[in-house]
Every structure is written in structure tokens, then in C-alpha cells.
Amino acid sequence: MAIRYLKRGKPDAERSEDDKKTRDAVQAILSDIEDRGDAAVRDLSERFDSYAPSTFRLADGEIEALINKVSSRDMDDIKFAQQQVRQFARAQRNSMLDIEVETLPGVVLGHRNIPVQSVGCYIPGGKFPMVASAHMSVATADVAKVPRIIAATPPFKGEPNPAVIAAMHLGGAHEIYVLGGIQAVGAMALGTESIEPVHMLVGPGNAFVAEAKRQLYGRVGIDLFAGPTETMVIADESAADAELCATDLLGQAEHGYNSPCVLLTNSEKLAKATLDEVDRLLAVLPTADTARVSWSDYGEVIVCNTYEEMLDVANDIASEHVQIMTDRDDWFLDNMHSYGALFLGARTNVANGDKVIGTNHTLPTKRAGRYTGGLWVGKYLKTHSYQRITTDKAAAEIGAYGSRLCLLEGFVGHAEQCNVRVRRYGRQNVEYGAAAN
């Protein structure tokens, strides 16, 4: 029996047309920011967020005043979440070692892990204030010891959100801007009269923010393509029921109107029950107006015949979040190779990963999990190699090989760089390239 789709989302052709409209809009806005700087940023902020303060950067006193509005319970929760994120990020950083090895007598090679010197962290917050994104981007950059960390977030209901600002500040941001969308990432990457450009952009966002990062890549580094959230539930009847599956699907569908959510199962009974449960939950979920659109346009229910088929489909889709609830979760862990992050077992859920458990929630979307993992402390570090030759004999020996190999490719000037070392440090009988003659 073939793989069955009990529900399909919007056709690929329609999704591609949506992407083209986004690309064109973003390109025009980035060009405007590059041409007009602060004036363009101000116009865009007024247009999209109805927000136009005298300056978008918060002063120390404003930050302190906003932090004082956060309740002690909320502040404790923010600190707890950041502690978990920092703890895991430090363990990751400690696993990345500088190395130095002597590959031949007198030939020393090594590498150093050096932080990016400036980073712009985007924290979404126009519709939902994404407090957790500050932990994931700002605090992780702080663990990596990035010297200049700037952070931007849109106004929430017309003003800075105190909890988001508190999380940015506690995370280690050196500059905080109340600025959203394309204008935020564009200003941080391109620079304006009032904002010095950064070397790298990180953080999730909507389709427009993700596309802006894609177009700015090369001008600056980016963490990854992290657009509208995606979720996949892989489930069988032994470990999950319709309530768990439907809850985990809609829990991510509420992010926005274009959040793909896929159920992958080998049980048609569980698939049909989940469809019914989704309808029941959408009748009571406070965020149903958003989740219903994502489920209608981007939701899919796929029934496979075997676990191997489920694995193949999952790896092909390469979803951002993959919730696995089966009788062989470890088998999926061992064999999955394309995804953002795995959430193993019914006790685990994506929301914990999003907010508090300690792994990073900025993850690859649009099948980027085929070639990259998510944001982590290592994304802020550049691994740079170095070489040192410490003996005359090694200089002559490597130089002779180098000379001949350069001439093999026709690079005479390259060969002479090697030859001069052979002449200076080697014995007369060392065989090297004819360029020395």
C-alpha cells in the first residue's frame, strides 16, 4: 500500500509565489535602508509598527525602568531559563578545543577558535513577545565572549516589552534597540548614521526577517535560515494518542499564519483521531484564529506502512522541530539525519525546548536541516588555522614538495616562494622545482 495523505497543505506552486512576493518586498526595503539610512528606518518603523521615538536605542535609565516593571516571579523564571541555556552553551564551548600538533618534525599546525567581533541579535515580538529568543541568541553570544552584542526587538502594543528588554539585558546585550522586522536586521547589517554595522546576524523571525537575512548573507554572516516555525510529530499507537498529537501540532501552528505542521504515523486510526482532535481544540484554543490558518494551509497528515517509510519521509521533509513518540525513539535518534532538533518521548515537548530546557530554539527551516544544525555557541566562533616551521630541515623538505606541486599546476611564482626557502635553509642536493634555476 502506498503512503497516504489524509490531509495536504497549500501546493508548492502557491508557496513559491508567496516566497517570490516576499523576496521582492524585502529587496526593495533593504535598498531603501542602504540609500537613506536612519530616515528609511524611521519611516519603516512608523509604517509597520506605528512607532517613532526620538531614538530607537534604549538608554541605561530606560532599560532599568523597564526591568523594574517585571514581576519578581517573571524575573526569577527568566533567570532560571537563562541559567539552563548558559549551562548547555558552556558545555558546548568547552568541547571546542584549540589544537596544535606537530605533523612532521619541525612542522607545527594548529587552530584557534576566535569569537565573531560583533553580532546583531533579532528577537521577534510584534505579535508575541519572544522572551526566550533573547536567551538563545544574546546569552549564547555572551558565553562565546562576543565583544559587541547588539539586540533589536519590535515594540509590543506600541512600547518596549519589559520582559523582553530584561532578558536582553540579563543575557549580556551591550546595545538594545526597539526596532522590528526588516528595518531592524537591515539597519544592524548595513549600518546607519546611528547604528554601527555588525559582522553577523542571528535570531529567528517571520518570513520577511528570514528573507532579509538570506539577502544580506555575504554582506554579513548569518546563523542559518530560520523562518516561520515548522513542526513534525512522528507517532505510533504504542506511545501517543490523538490528544498528544493534536496538542503538539497546534502548539506550534499558533506561531503564525504560515507554520507547517505535519503528523507522520503508521496508524490510520491515530491519524483520523488526531484530525478530529485538532478540530475540537481549534474550537477552544485562544490562538485558534492564527493556528487554524496554519493548519488549513500548511497542515499535513501522512500515513506510512513501515517505520522505514516514516524515517525516509521525515528525513526528506527535514522539519525544524521533530517530536517523536514511538516504541523505537532511539532508533529514530540513530537514523534521523535531516532536522532542526529532536524531542524524544511523550514526556518531552517542543515548548520546553522553545522556552527553558537549555537547547537552542533557533533552528533551520525550509529543509535547511539537510546541511546545517541550529544556532549554538559554536556559530559565534570562527576556527582559524595557523602554521609554523621550526627547523631548517623541515623548511627545505616541505619547500621541495611545495615547489614541485606548484609547478604541477603552473604556478611559477608560488613555486619560487618555496624555492627561496629551499635555497636558504636546505642542502644543495634537495630536489625542487625548475623555477629556482
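The values are calculated or read from the model by the stated rules, or taken from the named source; none is laboratory data. Worth saying up front: this structure is predicted, and the values here are computed from it rather than measured. Glycine also receives a Cβ, built like all others from the backbone with ideal geometry; neighbour counts cover every protein chain displayed. All accessible areas refer to the heavy atoms of the entire protein, side chains included, with ligands and DNA or RNA removed. Shrake-Rupley method; radii C 1.70, N 1.55, O 1.52, S 1.80 Å.
Numbers below:
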| quantity | calculated |
| --- | --- |
| Three-way shape label, the stretch 262-412, alpha-carbon gyration tensor, a/c 1.5 | prolate |
| Heavy-atom surface of the stretch 1-157, accessible at 1.4 Å and reported per residue (Å²) | 55 Å² |
| Among (i) 24, 57, 20, 0; (ii) 24, 52, 22, 2; (iii) 23, 45, 24, 7, 0, the entry derived from the coordinates for P(r) over Cα pairs in 20 Å bins from 0, in percent | (iii) |
| The stretch 219-331: C-alpha gyration tensor shape, a/c 1.5 cut-off, then a/b vs b/c | oblate |
| Within a Gaussian network of the chain (alpha carbon springs, distance under 10 Å), most fluctuating of ALA151, ALA341, ALA415 | ALA415 |
| Accessible surface of PHE48 - all protein chains present, 1.4 Å probe, nearest 10 Å² | 100 Å² |
| Amide H partners (placed H, <5 Å) of LEU263, local residues excluded | VAL233, GLU300, VAL301, ILE302 |
| Karplus (6.51, -1.76, 1.60) ³J(HN,Hα), θ = phi - 60°, over the stretch 226-232, in Hz, Gly and Pro reported as x | 10, x, x, 4, 10, 9, 10 |
| Those aspartates and glutamates that a straight Cα-Cα span of less than 16 Å connects to LYS10, excepting residues fewer than 8 apart in one chain | ASP18, ASP19, GLU230, ASP297, GLU300 |
| 222 nm mean residue ellipticity, helices alone, for the chain (DSSP H n ≥ 4; -39,500 (n - 2.57); rounded to 500) | -14000 deg cm²/dmol |
| Karplus (6.51, -1.76, 1.60) ³J(HN,Hα), θ = phi - 60°, over the stretch 414-425, in Hz, Gly and Pro reported as x | 4, 4, 5, 4, 6, 4, 4, 6, 4, 5, 7, 10 |
| Neighbour cut-off at most 15 other Cβ (10 Å), DSSP loop, trypsin sites (Lys or Arg not before Pro), the stretch 193-261 | ARG219 |
| Given 16 as the ceiling on other Cβ atoms within 10 Å, longest exposed-site-free region of the chain for GluC sites (Glu not before Pro) in DSSP loops | 1-192 |
| Residues whose placed amide H lies under 5 Å from that of PHE156, excluding near-sequence neighbours | ASN161 |
| Cα gyration tensor shape for the stretch 43-202, rounded if a/c is under 1.5, else prolate or oblate | oblate |
| Within the accessible area of the chain (1.4 Å probe), percent carbon and sulfur | 50 percent |
